[in-house]
1. Which one of 70, 34 is at pLDDT 80 or above and more than 15 Å from the chain's Cα centre (by Cα)?
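The values are calculated or read from the model by the stated rules, or taken from the named source; none is laboratory data. All figures in this text were calculated on a predicted structure; none of them were measured in a lab. Heads up, the Cβs are rebuilt from the backbone with ideal geometry, glycines too, and the neighbour counts pull from every protein chain shown.
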């Protein structure tokens, strides 16, 4: 599994991470929600997202990403 330092690095890069799971020494699955807002603060889009990250040559890279639109307001 990746070390705490490695997972913290990924989490800071993404921002709104709800859960990070180590899948193997060099693989992590991140799940999170996003809310896109207009400049006036009103919501425009909500989504649940997941990304599969792999460490290749010492650097983390996204190998798969999915976003599923939702109608819920995540607050």
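1. Working: 34 fails: more than 15 Å from the chain's Cα centre (by Cα).
Being at pLDDT 80 or above and more than 15 Å from the chain's Cα centre (by Cα) holds for just one of 70, 34, which is 70.
Okay, residues lined up against (1) exposed (fewer than 13 other Cβ atoms within 10 Å of the Cβ); (2) under 9 Å from the mean Cα position of the chain (by Cα); (3) at pLDDT below 70:
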| position | (1), (2), (3) |
| --- | --- |
| 13 | yes, yes, yes |
| 40 | yes, no, no |
| 49 | no, yes, no |
| 54 | no, no, no |
